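The values are calculated or read from the model by the stated rules, or taken from the named source; none is laboratory data. Everything quoted here is computed from the prediction, not taken from an experiment. With ideal geometry, Cβ positions are generated from the backbone for all residues, glycine too; neighbour counts draw on all protein chains shown. Please note that ligands, DNA and RNA were not included when accessible areas were found on the heavy atoms of the full protein model with its side chains. Shrake-Rupley method; radii C 1.70, N 1.55, O 1.52, S 1.80 Å.
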Amino acid sequence: MPLRDIDDLERLKKINAALVSRVERSMDQQGNAFSLFQTAISLENRVRNRTEELHATLRRLEQSNIDLSAAKESAELANLSKTRFLAAASHDVLQPLNAAHLSVSALAEVQASDEGRKLVRHVERSLETMEDLLRTLLDISKLDAGVVQPEIGDVSLEALFSSLRSDFLPEAAKKGLSLKFRPVNVAVRSDRTLLRRILQNILSNALRYTRSGGVLVGTRHRGDTIRIDVADTGCGIPEDQREAVFEEFHRGTSTLADAGLAGGLGLGLAIVRRMAAALGHPVTFSSKVGRGTIFHIDVPVGMAAAEPAMAAADMERPRGYGLFGTKVLLVENDMDVLSAMTSLLERWQCLVRAATSTDDALDLLGDTAWVPDIIIADQHLDGGDLGTSTIAEVRDYLGRTVPALIVTADGSEPVAKAARAAGIELMRKPLKPAQLRALLAHLLA
């Protein structure tokens with residue numbers, strides 16, 4: 001019906017209101033659509049900005065990772081360089097230190113007065129402290145650089161305890177302390193050298209920080225693990241120093257002063273923690289101030305039967321010290337060490353012929369009336385010669401396996417393996433003359 005034909009006023013009002021409402025809704029929808037359009041554009045811009053910021057952050061993170069990787073590689077190279085430098089430096093320092101040890105030992109044998117012998121002992125103790133510090137710093141450097149590779153095998157605890165007992169009994173007796181090892185016929189899975197060093201450092205600390213009583217070493221089975229306990233009756237470790245004792249150069253000064261004791265270098269337990277970590281042997285301790293400390297080392301049980309207790313001990317026991325008239329071929333290129341070693345051997349009534357290289361050594365054998373009873377050689381000689389090769393050539397020239405000993409400041413594993421493969425004994429510089437004399441007697445017996 002056309003609008004002009006409607007004469008009902010109320011009806012017209014309703015139609016008008018409906019039309020107005022429809023127009024308003026249409027306008028609102030258009031406004032809402034425009035608003036939504038604007039919002040969409042704004043959100044798109046914000047998403048684009050955030051995406052660009054995220055990409056920039058990811059690029060920075062990637063660059064940071066590259067920089068961190070490069071820094072890590074540089075740090076590792078620097079650490080290895082430091083280790084090589086310390087190894088070379090320690091070798092150069094240990095050479096004159098070895099000469100000093102040998103000279104002081106020879107000097108001790110000619111001292112007639114008590115005052116002279118006392119001064120010699122003071123010098124010897126100072127040299128031993130220097131040696132311990134150098135070796136410990138080198139060990140820490142190697143462990144931190146990750147270049148120490150444990151050689152895991154079955155280790156007889158009784159043989160190890162026997163060796164430690166012979167080393168530490170004189171020190172314990174000098175302090176009036178008891179030192180006891182409970183017998184144990186068991187083998188563990190470990191690196192013998194590193195495990196011995198761990199126990200050696202713990203025992204050294206136990207004796208150093210104990211005024212009265214003593215130290216007891218024992219073991220306990222804990223499933224497939226052997227727990228080695230080292231208990232002392234020393235000054236104990238305060239609660240607030242339980243972690244600090246494993247830090248370098250921590251010596252528990254206040255505790256030691258209260259107990260009237262003198263500390264060491266503060267490196268023993270730092271070495272223990274690093275070596276134990278390399279072996280995977282947990283090290284813990286319990287302690288009471290004024291009553292003592294017990295260190296625990298957990299080591300896996302070995303797969304083979306333990307060696308008889310006395311067999312290893314008997315092999316380490318020298319059968320005598322008779323070196324009178326022993327003919328020694330000494331091959332050493334450091335003239336100070338050569339002079340000091342010759343002087344010491346001659347004081348032991350040995351007949352010494354000295355050389356600095358393989359050719360020199362072979363030239364000395366031209367006199368068929370002189371055949372060496374034993375060969376002592378440094379590993380690194382003049383002209384790039386190696387002591388192990390020199391010994392092999394001398395043996396080949398003589399046609400027999402002459403007892404031989406490599407004396408070197410090179411503590412690397414390849415040197416030790418080469419010596420073992422050739423059936424050559426190995427001693428590290430600086431030498432302890434008493435140990436050298438005992439080993440010579442054992443080789444000649």
- Query: Sorted by accessible area (1.4 Å probe), largest first, how do Met427, Met335 line up?
  - Reply: Met335, Met427
- Compute the label zone of Ser178 within the stretch 198-238: residues whose backbone N is under 15 Å from the point 7 Å along Cα-to-Cβ. 211-218, 231-234
- Exposure of His380 as accessible area (Å², to 10), given a probe of 1.4 Å and all protein chains: 70 Å²
- Task: Could you quote the convex hull projected area for the stretch 313-445, Cα atoms only and averaged over all directions, in nm²?
- Result: 7.8 nm²
- Message: What FRET efficiency comes out for Ala244 versus Lys288 if R0 is 22 angstrom and r is the Cβ-Cβ distance? Round to the nearest 0.05.
- Response: 0.80
- Task: With a 1.4 Å probe and every protein chain left in place, work out the accessible area per residue of the stretch 337-420 in Å², rounded to a whole number.
- Result: 42 Å²
- Message: Let me cross-check Lys432: its accessible surface, 1.4 Å probe, with only protein heavy atoms counted, in Å² to the nearest 10?
- Response: 70 Å²
- Task: Calculate, in nm to one decimal, what Glu76 and Glu171 gain on full extension: separation in residues at 0.36 nm each, minus their alpha carbon distance.
- Result: 30.2 nm
- Message: Given points 7 Å out from each Cα along the Cα-Cβ axis, report the Asp67 to Arg50 separation in nanometres with one decimal.
- Response: 2.7 nm
- Task: Compute, for Phe181, the solvent-accessible surface of its heavy atoms (probe 1.4 Å) with the complete set of protein chains present, and express it in square angstrom to the nearest 10.
- Result: 20 Å²
- Estimated vicinal HN-Hα couplings, Hz - the stretch 440-445 in sequence order (Karplus 6.51, -1.76, 1.60; Gly, Pro = x): 4, 4, 5, 5, 8, 6
